[in-house]
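*Asks:* To start, I am sharing the structure in question, which I have written as structure tokens.
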Amino acid sequence: MNNTVKLESSWLAQLGDEFAEPYMQSLKQFLSDEHSQGKIILPPASLWFNALNSMSFETLKVVILGQDPYPTAGHAHGLCFSVLPEVKPLPKSLLNINKELLSDLGIDNSHTGYLQPWAEQGVLLLNTALTVEQGNANSHKNKGWERFTDMVIQTINDKKEHIVFILWGANAHKKTPMINTSKHLIIKSVHPSPLSAYRGFFDSKPFSQTNSYLSKNGKSEINWQL
């Protein structure tokens, strides 16, 4: 995997040892086998680590956790919740994220679901699994990605200070014990999915809370406008 996929240098310095671990070799073999069986893996391999490659370890400010990439061709590009610019209509969870942003900060992003500009400001849009088989949601769950992304979270927790962790939904909430709340902020609510958003996602004000915390700790705020 590390022969074909490039990882940004500061992240590679933190996480490079993981690529020699047996679980990562098993994951690499699984992905190779899936490919050889003619299955389409999303996103393309060049974008598997897009969330990490969009910023340096030093410029990271915020972590938003998702579950796995969109299984629809042409949607996923390595950032959780985000879709490529031409995708219309937007996925429903993303529509609800945009609604909450409008309510929270008066920012209208209804024209797009492309969150790459957030990532480039230091918002790590991290899925717990970084690949999926086209048309088959959660198909790469428990194949090894979660161990790698847990190491990402653990490294951030241990080596950074004043990071905002935004945890939406039960899957993300499971990461709470990994985060030291004496030096980081956790913002937690139900998932923005239409199935749950009305039970506490709406009016949770995660975007203004994030910027308030960053500002209070001497960091520049995120410009959420796309």
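*Asks:* Could you tell me how many of the residues in segment 26-39 are within 20 Å of Tyr70 (Cβ to Cβ) and either of a type in the set (Val, Ile, Thr) or free of Cβ contacts under 8 Å to residues at least 40 places away in the same chain (or both)?
*Replies:* Going through segment 26-39 one residue at a time, the tally reaches 1.
*Asks:* State which residue is farthest from Thr181 (Cα to Cα) when the search covers only segment 212-226 and only residues that are open to solvent by less than 40 Å² (accessible area, probe 1.4 Å) and in contact (Cβ under 8 Å) with a residue 60 or more places away in the chain.
*Replies:* This residue is Trp224.
*Asks:* Related question: Just need a number here: residues in segment 1-60 that are open to solvent by less than 60 Å² (accessible area, probe 1.4 Å), of a type in the set (D, E, K, R) and closer than 25 Å to Ser82 by Cα.
*Replies:* 2
*Asks:* For a quick check of your reading of the model, give me the residue pairs whose first member lies in segment 137-160 and is in contact (Cβ under 8 Å) with a residue 60 or more places away in the chain and within 23 Å of Leu185 (Cβ to Cβ), whose second is surrounded by 14 or more Cβ atoms within 10 Å (Cβ to Cβ) and of a type in the set (S, T, N, Q), with beta-carbon atoms closer than 7 Å and at least 6 apart or on different chains.
*Replies:* Cβ pairs passing all conditions: Thr155/Gln14.
*Asks:* For the condition among the β-branched types (Val, Ile, Thr) and farther than 22 Å from Asp68 by Cα, what is the one hit in Thr181, Thr176, Thr149?
*Replies:* Just a single option satisfies the conditions, and that option is Thr181.
*Asks:* Follow-up. Of the residues Leu42, Leu84, which is farther than 30 Å from Asn217 by Cα, free of Cβ contacts under 8 Å to residues at least 40 places away in the same chain, in contact with a Phe, Trp or Tyr (Cβ under 8 Å, 6 or more places away or on another chain) and among the aliphatic types (A, V, I, L, M)?
*Replies:* When all the criteria are applied, what remains is Leu84.
*Asks:* Another one. So how many residues does segment 162-182 have that are farther than 12 Å from Leu214 by Cα, in a loop (DSSP other than H, G, I, E, B) and open to solvent by 40 Å² or more (accessible area, probe 1.4 Å)?
*Replies:* The qualifying residues number 4.
The values are calculated or read from the model by the stated rules, or taken from the named source; none is laboratory data. Keep in mind that what you see is a predicted model, and the values were worked out from it rather than measured. Positions of Cβ are backbone-derived with ideal geometry, glycine not excepted, and every protein chain shown enters the neighbour counts. Protein only, heavy atoms only, side chains kept; ligands, DNA and RNA dropped before computing areas. Shrake-Rupley method; radii C 1.70, N 1.55, O 1.52, S 1.80 Å.
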